[in-house]
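The values are calculated or read from the model by the stated rules, or taken from the named source; none is laboratory data. In this text, all values refer to a predicted model and were calculated from it rather than measured experimentally. Methodologically, a virtual Cβ is constructed for each residue, glycine included, from the backbone with ideal geometry; neighbour enumeration extends over all protein chains shown.
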Ligand code: SF4
Ligand code: SF4
């Protein structure tokens, strides 16, 4: 899921530059799990804005704001409230903000900071496991991603800074390559890392990414 965090209210307000009528959009998927832009947070944001004397013309929590067609359709169903607003405050990830902004000529304000693609460890705890590099090598590294878990993204074993299995960048974390070695050893599969992994082909990571499935 996409992990996001609500921006400080002051930062959101600074984007309004005098506008006082807002329509709010939340997301029922990732932003809800992150407690950044679900029903509860949209309601709380509305209360905060009203307390500051701003007007909220309406709100909606869309099932997946990154789904552009669904977002356009759901926003059409709130046309009158949207027409009354001067700006739209979106409590969704950056992809969701762009879905909304493509449907309107009004100012679109990002209410969240989008952090990373994260795994959910438990309620309210997220960990980045994958950096979306576009060329996955997990089958060779015991299912542990050195691109993400190693702060240097090293592909072929640890740097010289590893001390007693701990990372030199984050001494509270185990070195990614120690984790990989231990896991492959446990599986009797350590030969997997005896072959050098070539440098990553950065063309597979080109931006913006596009994928069209064959019918
Ligand atoms: S190798 Fe690339 S695609 Fe695979 S988990 Fe790591 S960052 Fe993600
Ligand atoms: S100690 Fe290990 S995880 Fe840390 S930067 Fe070096 S190789 Fe990467």
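Taken over the stretch 153-174, residues that are within 16 Å of ligand 1 (Cβ to nearest atom) and either surrounded by 14 or more Cβ atoms within 10 Å (Cβ to Cβ) or within 19 Å of residue 117 (Cβ to Cβ) (or both) amount to 4. Among residues of the stretch 36-47 that are in a helix (DSSP H, G or I), those with a Cβ under 7 angstrom from a residue that is surrounded by fewer than 22 Cβ atoms within 10 Å (Cβ to Cβ) and at pLDDT 95 or above, sequence gap 6+ or separate chain, pair up as 41/6; 41/35; 42/59; 46/56; 46/59.
Does residue 169 count as in a loop (DSSP other than H, G, I, E, B) and over 23 Å from residue 189 (Cα atoms)? Considered against the rule, which asks whether it is in a loop (DSSP other than H, G, I, E, B) and over 23 Å from residue 189 (Cα atoms), residue 169 comes out as yes. Filtering the stretch 120-129 to residues that are more than 16 Å from ligand 2 (Cβ to nearest atom), without any contact (Cβ under 8 Å) to a residue 24 or more places away in the chain and in contact with a strand residue (DSSP E or B) (Cβ under 7 Å, 6 or more places away or on another chain) leaves only 121.
Just so you know, in the stretch 116-138 the residues that are near ligand 1 (Cβ under 9 Å from one of its atoms) and not in a loop (DSSP other than H, G, I, E, B) include one that is surrounded by the fewest Cβ atoms within 10 Å (Cβ to Cβ), and it is 138. Here residue 155 meets each of (1) more than 16 Å from ligand 2 (Cβ to nearest atom); (2) more than 20 Å from the chain's Cα centre (by Cα) with one exception, condition (1).
Here residue 16 meets the list (1) free of Cβ contacts under 8 Å to residues at least 12 places away in the same chain; (2) assigned to a loop (DSSP other than H, G, I, E, B) almost entirely, failing just condition (1).
Checking each residue in the stretch 139-152 for being within 24 Å of the chain's Cα centre (by Cα) and assigned to a loop (DSSP other than H, G, I, E, B) picks out 143, 144, 145, 150, 151, 152. Examine the stretch 175-193 for a residue that is at pLDDT below 95 and under 25 Å from the mean Cα position of the chain (by Cα), and state whether such a residue exists. There is no residue in the stretch 175-193 that is at pLDDT below 95 and under 25 Å from the mean Cα position of the chain (by Cα). Is it true that residue 22 is at pLDDT 95 or above and either surrounded by fewer than 20 Cβ atoms within 10 Å (Cβ to Cβ) or outside any helix (DSSP H, G or I) (or both)? It is true that residue 22 is at pLDDT 95 or above and either surrounded by fewer than 20 Cβ atoms within 10 Å (Cβ to Cβ) or outside any helix (DSSP H, G or I) (or both).
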